[in-house]
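Notes follow once the structure below has been shown.
The values are calculated or read from the model by the stated rules, or taken from the named source; none is laboratory data. If you're wondering where the values come from, they're calculated on a predicted model, not measured in any experiment. Cβ placement follows ideal geometry from the backbone for every residue including glycine, while neighbour counts extend to all protein chains displayed. The accessibility values were calculated without ligands, DNA or RNA, using every heavy atom of the protein model including side chains. Shrake-Rupley method; radii C 1.70, N 1.55, O 1.52, S 1.80 Å.
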Amino acid sequence: MRIYLVGGAVRDKLLGRPVVDHDHVVVGARPDELLAQGYRPVGKDFPVFLHPRTGEEYALARTERKTGHGYHGFAFHADPSVTLEQDLARRDLTINAMAEAEDGSLVDPFDGARDLKQRLLRHVSPAFAEDPVRLLRVARFAARFAPLGFTVAPETMALMQQMVQAGEVDHLVPERVWQETRKALGEAQPSAFLRVLRESGALAVLFPEVDALYGVPQRAEFHPEIDTGVHVEMVLDMAARIAPGNDVVGFCALTHDLGKALTPDDVLPRHIGHEHAGVEPLRRLVARLKVPNEHASLAEQVCREHLNAHRAFELKSATVLRLLGSLDALRRPERLDLFLAACEADKRGRLGHENDSYPQADYLRRARAAAAAVSSEPFVARGLQGPAFGEALTAARIAAIGAVERPQA
């Protein structure tokens with residue numbers, strides 16, 4: 001029995017990045033041998049075990065054979081005769097197909113270390129094309145490693161384009177698309193996720209509502225980048241700066257301007273009412289990918305209300321209270337923070353505006369605090385009930401917001 005550290009742990013050690021997960025491959029062993037040593041089985045499709053002390057994953061070396069479409073269309077084979085090189089050969093990218101022996105030596109049959117130095121995301125073998133999830137994984141790794149200068153190898157991009165043209169991406173289940181997308185939205189440069197998907201042709205298949213934004217012009221005086229798709233990329237990366245790792249804010253950034261794709265040609269480059277027009281395509285996307293309600297509900301608020309956030313200083317106090325109420329911000333101030341992070345990303349995700357301030361966020365937080373500080377006790381003491389109580393409390397909250405100093409618009 002020989003045990004090797006594999007995958008992301010080896011890659012990240014070589015990159016000098018923190019190692020989060022330690023995964024291992026066991027060569028020359030049978031399941032009963034691991035069970036006898038106290039390992040706990042967890043794999044349903046193939047033998048994976050948890051170490052009795054550390055809880056880390058140990059998988060028997062295995063090969064795989066494609067038997068059908070999609071992520072589940074594989075048959076796995078694991079026995080003591082399977083070599084480490086055979087196990088590594090089934091992995092997606094060369095930088096993920098390295099192993100470290102127990103003595104610390106590197107096993108690198110596919111030149112992953114070289115590709116790390118050259119900053120390349122390159123597929124291990126033509127078998128890459130058999131699993132469409134790998135296309136999403138490449139795009140996600142691009143979002144993670146783009147700040148380090150990584151790009152997709154031309155031959156890998158060509159293979160991904162062939163996969164899209166062959167319809168393999170059509171067999172992706174919504175849960176896996178969302179799982180990879182959610183991870184990508186929490187990476188350092190989510191725009192790379194979009195660019196890789198778009199270049200491969202997969203964006204039009206998986207996210208047609210987002211793909212439709214590319215080439216749609218905006219008014220240059222407000223959006224020097226002009227192209228709405230480019231703007232969304234900039235907003236995604238700004239969201240990653242403002243709220244690092246927060247995929248809820250990232251999803252709001254991704255979907256906040258979907259309505260601009262629906263603007264009639266004779267109105268362009270203006271986008272009157274795009275914030276309301278974007279709600280329906282957002283709901284379609286959410287339903288298709290089975291997006292969690294936490295992401296979906298806030299994204300709809302950002303889509304519908306981001307312009308009101310931008311012009312917060314101009315809003316009537318009653319409108320500010322309505323905005324806060326729609327976010328349930330009086331009870332859940334953390335929702336207001338997420339909303340404001342997405343709105344700030346939108347405002348600063350424009351060419352030449354990356355370092356702009358966003359004082360609207362501070363004002364809306366102070367307005368929320370003022371409204372939340374209004375006590376209901378005086379109205380209870382006056383014996384108010386029902387609608388009269390609600391009207392009096394609302395009026396007091398509006399007055400409190402009105403007393404909050406706001407900068408000149």
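Which of the residues belonging to the range 21-48 are open to solvent by less than 30 Å² (accessible area, probe 1.4 Å), modelled with pLDDT of 85 or more and outside any loop (DSSP other than H, G, I, E, B)?
His24, Val25, Val26, Val27, Val48
So, restricting to helices (runs of 4 or more DSSP H) that lie completely within the range 171-228, which ones have at least 2 residues that are among the hydrophobic types (A, V, I, L, M, F, W, C)?
174-185, 191-200, 202-206
Does Ile242 qualify as being touching a strand residue (DSSP E or B) at 6+ places or on another chain (Cβ under 6 Å), of a type outside the set (S, T, N, Q) and either over 22 Å from Pro132 (Cα atoms) or open to solvent by 30 Å² or more (accessible area, probe 1.4 Å) (or both)?
Answer is no for this residue.
Select from the range 79-106 the residues that are in contact (Cβ under 8 Å) with a residue 40 or more places away in the chain and open to solvent by 30 Å² or more (accessible area, probe 1.4 Å) and list them in ascending order.
Asp79, Pro80, Thr83, Arg91, Glu100, Glu102, Leu106
In the list Val267, Val232, Val249, Val286, which residue meets the criterion of being surrounded by fewer than 19 Cβ atoms within 10 Å (Cβ to Cβ), aliphatic (A, V, I, L, M) and out of contact with any Pro (no Cβ under 8 Å at 6 or more places or on another chain)?
Val267
Given (1) open to solvent by 30 Å² or more (accessible area, probe 1.4 Å); (2) more than 20 Å from His256 (Cβ to Cβ); (3) touching a residue at least 12 places away in the same chain (Cβ under 8 Å); (4) within 14 Å of the chain's Cα centre (by Cα), where does Gln179 come up short, assuming only one miss?
Only one criterion in (1) open to solvent by 30 Å² or more (accessible area, probe 1.4 Å); (2) more than 20 Å from His256 (Cβ to Cβ); (3) touching a residue at least 12 places away in the same chain (Cβ under 8 Å); (4) within 14 Å of the chain's Cα centre (by Cα) is unmet by Gln179, namely (3).
Quick test of your reading of the structure: Val216 fulfils all but one of (1) closer than 22 Å to Val133 by Cα; (2) open to solvent by 10 Å² or more (accessible area, probe 1.4 Å); (3) among the β-branched types (Val, Ile, Thr). Name the failing condition by number.
Going through (1) closer than 22 Å to Val133 by Cα; (2) open to solvent by 10 Å² or more (accessible area, probe 1.4 Å); (3) among the β-branched types (Val, Ile, Thr) one by one, Val216 breaks only (1).
Residue by residue, here is whether (1) closer than 24 Å to Leu172 by Cα; (2) open to solvent by 50 Å² or more (accessible area, probe 1.4 Å) holds:
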| residue | (1), (2) |
| --- | --- |
| Gly278 | no, no |
| Lys290 | yes, yes |
| Arg304 | no, yes |
| His310 | no, no |
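Could you list, in sequence order, the residues of the range 312-341 that are of a type in the set (Ser, Thr, Tyr) and either open to solvent by less than 30 Å² (accessible area, probe 1.4 Å) or touching a Cys at 6+ places or on another chain (Cβ under 7 Å) (or both)?
Ser317
Within the range 375-385, track down each residue that is in a helix (DSSP H, G or I) and either under 18 Å from Val249 (Cβ atoms) or open to solvent by 50 Å² or more (accessible area, probe 1.4 Å) (or both).
Glu377, Pro378, Val380, Ala381
Looking for something more than 23 Å from Ala129 (Cβ to Cβ) and either open to solvent by 30 Å² or more (accessible area, probe 1.4 Å) or over 18 Å from the mean Cα position of the chain (by Cα) (or both) - is there at least one such residue anywhere in the range 188-197?
Taking every residue of the range 188-197 in turn, at least one turns out to be more than 23 Å from Ala129 (Cβ to Cβ) and either open to solvent by 30 Å² or more (accessible area, probe 1.4 Å) or over 18 Å from the mean Cα position of the chain (by Cα) (or both).
Counting just the residues of the range 342-374 that are surrounded by 23 or more Cβ atoms within 10 Å (Cβ to Cβ) and among the small types (Gly, Ala, Ser), which one comes out farthest from His223 (Cα to Cα)?
Ala371
Among the candidates Leu116, Leu172, Leu148, single out the residue that is closer than 23 Å to Val291 by Cα and out of contact with any strand residue (DSSP E or B) (no Cβ under 9 Å at 6 or more places or on another chain).
None of the other options fit; the residue is Leu172.
Run down Ala409, Ala381 and say which single residue is modelled with pLDDT under 95 and out of contact with any helix residue (DSSP H, G or I) (no Cβ under 9 Å at 6 or more places or on another chain).
Ala381
Do we find a residue being charged (D, E, K, R) and modelled with pLDDT of 95 or more anywhere in the range 388-397?
yes
Taking the range 17-32 as the search range and keeping residues that are within 19 Å of Ala101 (Cβ to Cβ) and free of Cβ contacts under 8 Å to residues at least 40 places away in the same chain, which one is farthest from the chain's Cα centre (by Cα)?
Once the filter is applied, the top-ranked residue is Val26.
Keeping to the range 362-378, report how many residues are among the basic types (Lys, Arg) and at pLDDT below 95.
Residues flagged as among the basic types (Lys, Arg) and at pLDDT below 95 within the range 362-378 amount to 0.
Under the condition of being modelled with pLDDT of 85 or more, assigned to a loop (DSSP other than H, G, I, E, B) and among the charged types (D, E, K, R), which residue from the range 54-98 is nearest to the chain's Cα centre (by Cα)?
Across the range 54-98, the extreme among qualifying residues is Asp92.
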